[in-house]
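Down below is the structure, laid out as structure tokens.
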Amino acid sequence: MAGAIGYSLKNLTNFNGRDGRKRFLSYFLFVVILNLVLYLAASIPTIMAAMDAGIEAAKTGDNSTAETAIMNHMIDFAGTLVWISLGIALLNTVLLSAAFVRRAHDTGLPGLLLAIPLGLQLVWMFFAYRQLDGLEATMRAAVDAQMAGQSPEVQTGMIAQDLIGWLVVIIVLVIGFLKTQRSENQYGEPNLEG
């Protein structure tokens, strides 16, 4: 796995040649783990601060005050989390684009196939950016509805955005799992290392 990571990081701008299934999927797993580490590093301090606020508010003996304090901290962080998500999405694009093209080449598919997940990623980023303005109000309305014992309104735009994000991951994985062409193709010799 370390070899696949090193090779892929050294070839971030190399869109030529072929990457085998093992190399690509090992590198993809590295990027997924990197995403988790970055999200946790960004989220844990905020979650801890929200819990501290909730514990402090719980000293009043009113559970709803504690819940409100926790939710207020989380809502205040939501915009920052969207910006972090946009940054990580951009990082993922840089880290995976060339490897994706080389993997497509290894299966005999054109590198222009990158346009599909890249286009979907850009659409996801656009919608994530657009939701920044109304995110706090939407979240506060959902919390208020829940506190009043009502069901929060479903935000179909947010659901569609999540589906677009997962569609990108599915496309990348499908290309990653496709069978390697064992013979030479228009993109070069097969990669015998994986």
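Residues in the range 105-112 include at least one that is surrounded by fewer than 19 Cβ atoms within 10 Å (Cβ to Cβ) and part of a helix (DSSP H, G or I).
Within the span defined as the range 173-193, one or more residues are loosely packed, with under 15 Cβ neighbours inside 10 Å and at pLDDT below 80. Among the residues of the range 27-55, those that are farther than 29 Å from Asp133 by Cα and touching a helix residue (DSSP H, G or I) at 6+ places or on another chain (Cβ under 7 Å) comprise Tyr27, Phe28, Phe30, Val31. Only residues that are β-branched (Val, Ile, Thr) and buried (at least 18 other Cβ atoms within 10 Å of the Cβ) were counted in the range 113-137, giving 0. Just to verify a result, which residue in the range 56-91, among those that are of a type in the set (Ser, Thr, Tyr) and modelled with pLDDT of 80 or more, is farthest from Leu40 (Cα to Cα)? Among those residues, the one meeting the criterion is Thr60.
Here's a check for you: in the range 48-67, which residue that is in a helix (DSSP H, G or I) and without any contact (Cβ under 8 Å) to a residue 12 or more places away in the chain is nearest to Val143 (Cα to Cα)? Spell out the reasoning first.
Quick first cut of the range 48-67, residues in a helix (DSSP H, G or I) only: 48-58, 63-67.
Retained after the next criterion (residues that are without any contact (Cβ under 8 Å) to a residue 12 or more places away in the chain): 48, 52, 55, 58, 63, 65.
Numbers: Met48: 20, Asp52: 19, Ile55: 19, Ala58: 18, Asn63: 14, Thr65: 13 Å.
The residue in question is Thr65.
Note on the range 117-147: residues that are among the charged types (D, E, K, R) and touching a helix residue (DSSP H, G or I) at 6+ places or on another chain (Cβ under 9 Å) total 3. Right, Thr68: of a type in the set (Val, Ile, Thr) and loosely packed, with under 14 Cβ neighbours inside 10 Å or not? In short, no. Applying the criterion of being outside any loop (DSSP other than H, G, I, E, B), in contact (Cβ under 8 Å) with a residue 12 or more places away in the chain and among the basic types (Lys, Arg) to the residues of the range 1-41, the residue that is nearest to Val168 (Cα to Cα) is Arg21.
Checking each residue in the range 83-97 for being within 15 Å of Gln121 (Cβ to Cβ) and not hydroxyl-bearing (Ser, Thr, Tyr) picks out Leu86, Gly87, Ile88, Ala89, Leu90, Leu91, Asn92, Val94, Leu95, Leu96. Among the residues in the range 96-109, are any free of Cβ contacts under 8 Å to residues at least 12 places away in the same chain and of a type in the set (A, V, I, L, M, F, W, C)? Within the range 96-109, not a single residue is free of Cβ contacts under 8 Å to residues at least 12 places away in the same chain and of a type in the set (A, V, I, L, M, F, W, C). Scanning the range 11-55 for residues that are surrounded by fewer than 13 Cβ atoms within 10 Å (Cβ to Cβ) and either under 22 Å from the mean Cα position of the chain (by Cα) or acidic (Asp, Glu) (or both) turns up Thr13, Val32, Ile33, Leu36, Val37, Leu40, Ala41, Ile44, Pro45.
The values are calculated or read from the model by the stated rules, or taken from the named source; none is laboratory data. This structure is a prediction, so every number in the text was calculated from the model and none was measured. Cβ sites come from the backbone with ideal geometry, for glycine too, and all protein chains shown count toward neighbours.
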